[in-house]
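The values are calculated or read from the model by the stated rules, or taken from the named source; none is laboratory data. Everything numeric in this text was worked out from a predicted model, so none of it was measured. We place every Cβ from the backbone using ideal geometry, glycine too, and count neighbours over all the protein chains shown. The protein model used for the area step is the full one, side chains on, heavy atoms only, and it has no ligands, DNA or RNA in it. Shrake-Rupley method; radii C 1.70, N 1.55, O 1.52, S 1.80 Å.
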Amino acid sequence: MCEKENKKSKFSGLTENADGLRRLFSFVMSAFTACALCMYFPAPWGTNFNGVAEEIVGNLASSFYGTAFMSTLLTLCLYCLASKVSGDKLRGNWAAVLLAALTAIIWLMGACFSSGGDLSIICSSPGQMLKSAIYYLGAAWLIYILLRGFCFALDSGWDMELKFQGADRLNAFLSRHRFGAVALLLLLCWSVPLAVCYPAAFCTDAWAQLAQYWGTEQFSSNHPPVHTLIMGSFSRLGMALGSANLGLFLFALLQTLAFALVIAYVFCLYEKLNAPRWIRLISLLMAVFSPFIANRAGILLKDAPYSIAFLLLMAQFIYALVDLDAFLKSKRQMLVTVVAVLGVMLMRNNGRYVLFPTALLLVFLLVAKRKSLGRSKTVKLLLLTLLPLTAAVIMNCAVVKCYNIASGSIAETLSLPFQQTARYVRDHGQEVTEEEREAIVAVLPYDRLAELYRPFISDPVKEKFNEQAGSTELKAYLRVWLQMFFKHPMTYVSATVNQLYALVYPYAENSTVYVGANDGAWFLPDVVAATGISMPASLDTERNVLTQWFLLMYSSPVIGMISHTAPYTIAVYFLSIMAAIRKKYSFLLPAFPVLIGAVGLVFAPAIIANPRYAFPIVYSMPLLTGYFAYICRGGAEENCSSKSSALDPNCKNAC
C-alpha cells in the first residue's frame, strides 16, 4: 500500500515539475515574443566598440529603450493566451509548429528588408545575431500560439454571444430578409466612396485598357480583352449619353452592385453552414470598413470583378458539397455557377491557370465516384464543369480574332527570373562571365539591370525585355539563369522574398488607396482627348478625406489586420494541412483553387502596394474557414445520411 502511494506521489511530483517547466518555457517564449514586437531591429550603433560584450549590451540597450511597459504588458497577455490555448492536445500540432517555424523565417527576412537593409543585418555583429535569434524565436512562438488559438476557436465551438435589447427581433428579421438586408447595408456604406470617387477610382491598368480600346495604344492580351471591351464600351455608352464620365460611373455602380449581391449571398451561405458569429463579424467588418473591399468594390480594375467572381465560385463549390441534390435541382444555382466560371476566366488572364487544374481534378473525382453519384448527377456535374470553361475559351478567342489583338509578352511569365537576374547582377556583377553576359544581353539590358532593379516590384526590369528575342535566346538565358542560381542561391531567395514578404509579414502595411485618378497623376492625354474623362475639382476635399479614412483603416486595431494579406495567406496553408491530417478531404476541394492562387503569387510582379493579387485568397478565406468549422462539426457526415452530398469525399456512400 505504501509502495503504491509512494509511486503515485512520485508520478504527481514529476507531473507538477513538467507543468512547471512548461509554464516557465511558455513565459520565456512569451517574453521573447514581446521583445520581438518591441525591439528596434536594425543596428542602432556605429562600429567602434571596445569588445564583444560592449557591443551586445549596448546594442540591446538601444534596441529596447523605452519599451519596458509595453513589453511587460505584452508578455503577460501572451502568457495568458498561451496558457488558454495550449492546455488541450491538438491533433496536427506538428503542422502548427512547422508552419510557425517556416513563416518566422520570412518574418525575420522581412524585418531586414523593411528596415532598408538586406540579410547581412542578421550576422553583422554579435549583438545583431542575438537580436535575430530573439526575433525568430519570438515570432515563431507568436505564430504558433495564434494558430493554436485559431484551431481552439474552431474545435471548441467557441462563439460570440449577442445579448442586447431587440436581439431576438433582429434575428427574426434577418432570418426572413438576410440577403436583402446585407446587400442594402453594403450599398449604403459604399455609396459614399462611390459618389466621392465620381466617375470612378482608377489605376494605371485601367488607363492602359482604355488607351487600348480607343486605339491610342496597341490592343494586346496583356490585359484581359473581354474586360477591356466592357470597360471601353461603358465609356462609349457614356459619350452617347452626353459624358464618358457617366458611362464609367454606371460601370462602377454595376460592379458595386455585383459585390453587394455576392457578399449578401455568402452571408446566406453562412446561415446554411451555421458558421460561427465571429467569422460572420469578420466578414462584415471587412466588407464595410476594409479598403480591400470598401475601396475596391467600385474601382476600374480587372482584379475587382475577378476576385468577386472567384468568391462566388467558391460559394457555389461549397454549396454543392453541402447539399448536392438541392444544388443540381436549382436552375438558378446552375446559372450562377456558369456566371462565376465565366467571370473568373474572362476578367483576368490568370483565371485559366486556376480553373484548368481545378477542372481536371473535378473530372477525375467525378469519374472515380460515378457509381455512387449515379449517371445523371455525374453527367450534369461534368457538363457544368466543362461547358462554361469551353465557352469562356471560345469567347476569348473570338474577341482576340475579331479585334486582331496582339499576344501578350512572355515577360509577364518570366518576371520572377528577370528580377532574380537583376539582383544577381547588382550584387555579383563582377563575377558574371562574358558568356553569361551575352546570354543576358540578348534578353535584357545587362548594363542597366542594377539601375533598374527595385526590390519590391519587377515591372522596371521586365518592361525592358527585348521583344525580338526568340526561343533560342530565351533558352540560352534560362540556362545561364539556372547556372547563376547554383553560384549564389541566397541571392535568388533574397530577390524572391524581398518582393513577396509582405504576403505574410504583418508589419509591412500594404496601404494602397485609390480615389479618383490619384490627383490626375495617371491621366493619359490621348485618352482624355478621345473621351473627355475628367475628375470634378469640386470633390477634391472629399477625396482627400476619403484617402485619409482608408489609410486610417489600414493602421487601426483589428480592421488593420483584416486589411492585410498575412492572416489569410497563413490561414489557407494551415487549414489545408489540418484538413489533410484530420482526413477532412472535402475542405481540400474548394481550397484547391485558392492554394493554386497562393502558390502563383510567387510569380506575381509585386505585392507591396499591390495587395490586389492576393484578393481571391482574402475574399475566400472567411467562407472557407466557415466551411472548415462546418465539416469539423460533422456537418458533412450529417448530410451523407440523406445522400445529398455524394460528391463530398467525407461521405461514406461516396467512398
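Working with all protein chains in place, sort ASP447, ASP526, ASP303 by solvent-accessible area computed with a 1.4 Å probe, largest first.
Numbers: ASP447 120, ASP526 95, ASP303 5 Å².
I get ASP447, ASP526, ASP303, largest accessible area first.
Remark: the Cα gyration tensor places the range 124-203 in the oblate category, a/c being 1.5 or greater and a/b not exceeding b/c.
Less than 13 Å Cβ to Cβ from PRO616, Lys/Arg counted +1 and Asp/Glu -1: what total charge do the surrounding residues give?
On the way: positive: ARG296, LYS302, ARG348, ARG612; negative: ASP303.
Result for the local shell: +3.
Near ALA340: Cβ cut-off under 14 Å, other residues only, Lys/Arg at +1 and Asp/Glu at -1. The net charge is +2. Does the range 442-532 classify as rounded, prolate or oblate by the C-alpha gyration tensor (a ≥ b ≥ c root eigenvalues; a/c under 1.5 gives rounded; else a/b over b/c gives prolate, otherwise oblate)? Oblate, since a/c reaches 1.5 and b/c is not below a/b. Measuring r between the beta carbons of ALA240 and ALA18 and using R0 = 56 Å, the FRET efficiency lands at 0.10. Ligands, DNA and RNA are left out, and with a 1.4 angstrom probe the accessible area of the range 100-235 is 43 Å² per residue.
Simple spin-label estimate for PHE364 and LYS464 gives 4.2 nm between the two label positions (7 Å along the Cα-to-Cβ direction from each Cα). For LYS475, the aspartates and glutamates whose Cα falls under 18 Å of its own Cα, not counting residues fewer than eight places away in the same chain, are GLU412, GLU434, GLU435, GLU436, GLU438, GLU467.
Applying a length cut-off of 30 Å (Cα extent along the axis) and a mean Kyte-Doolittle floor of 1.0 to the DSSP H helices of the chain leaves 93-114, 167-196, 244-273, 375-402.
Ranked from largest to smallest solvent-accessible area, with a 1.4 Å probe on the protein heavy atoms, TYR573, TYR514 come out as TYR573, TYR514. The calculated 222 nm mean residue ellipticity attributable to helices in the chain amounts to -23000 deg cm²/dmol, summing -39500 (n - 2.57) over DSSP H runs of n ≥ 4 and dividing by all residues.
Think of a 1.4 Å ball rolled over the protein heavy atoms: the range 440-598 then has 44 Å² of accessible area per residue.
Can you flag which of LYS331/LYS369; LYS163/LYS583; LYS163/LYS302; LYS131/LYS464; LYS272/LYS331 are past 30 Å Cα-Cα? Over 30 Å apart, Cα to Cα: LYS163/LYS583; LYS163/LYS302; LYS131/LYS464. How many angstrom lie between the C-alpha centres of the range 347-412 and the range 457-475? Spelled out, the Cα-based centre of one part sits 29 Å from the other. Computed with a 1.4 Å probe over protein heavy atoms only, the accessible area of SER538 comes to about 100 Å². Within the accessible area of the chain, the carbon and sulfur atoms contribute 65%, probe 1.4 Å, all protein chains present.
Rolling a 1.4 Å probe over the heavy atoms of the protein chains gives the range 238-393 an accessible area of 38 Å² per residue.
So what is the relative contact order of the range 236-333, in percent, for Cα pairs below 8 Å that sit 6 or more residues apart?
Working: 48 pairs, mean separation 23.9, N = 98.
The value is 24 percent.
Classify the range 67-223 as rounded, prolate or oblate, taking a ≥ b ≥ c as the square roots of the eigenvalues of its Cα gyration tensor: rounded when a/c is under 1.5, otherwise prolate if a/b is larger than b/c and oblate if not. Mind showing how you got there, number by number?
Working: a/c = 2.47, a/b = 1.18, b/c = 2.09.
Cα axes put the range 67-223 in the oblate bin.
Relative contact order for the chain: what percent, with Cα pairs under 8 Å and sequence separation of 6 or more?
Values: 839 pairs, mean separation 117.8, N = 655.
Worked out over the chain, it gives 18 percent.
Computed with a 1.4 Å probe over protein heavy atoms only, the accessible area of ASP88 comes to about 110 Å². Taken as Cα centroids, the range 213-287 and the range 103-167 sit 34 Å apart, rounded to the nearest whole angstrom.
Whenever you get a sec, line up VAL52, VAL338 from highest to lowest accessible area (probe 1.4 Å, protein heavy atoms). Kindly include the intermediate steps, with their values, before the conclusion.
Working: VAL52 85, VAL338 45 Å².
Descending accessible area places them as VAL52, VAL338.
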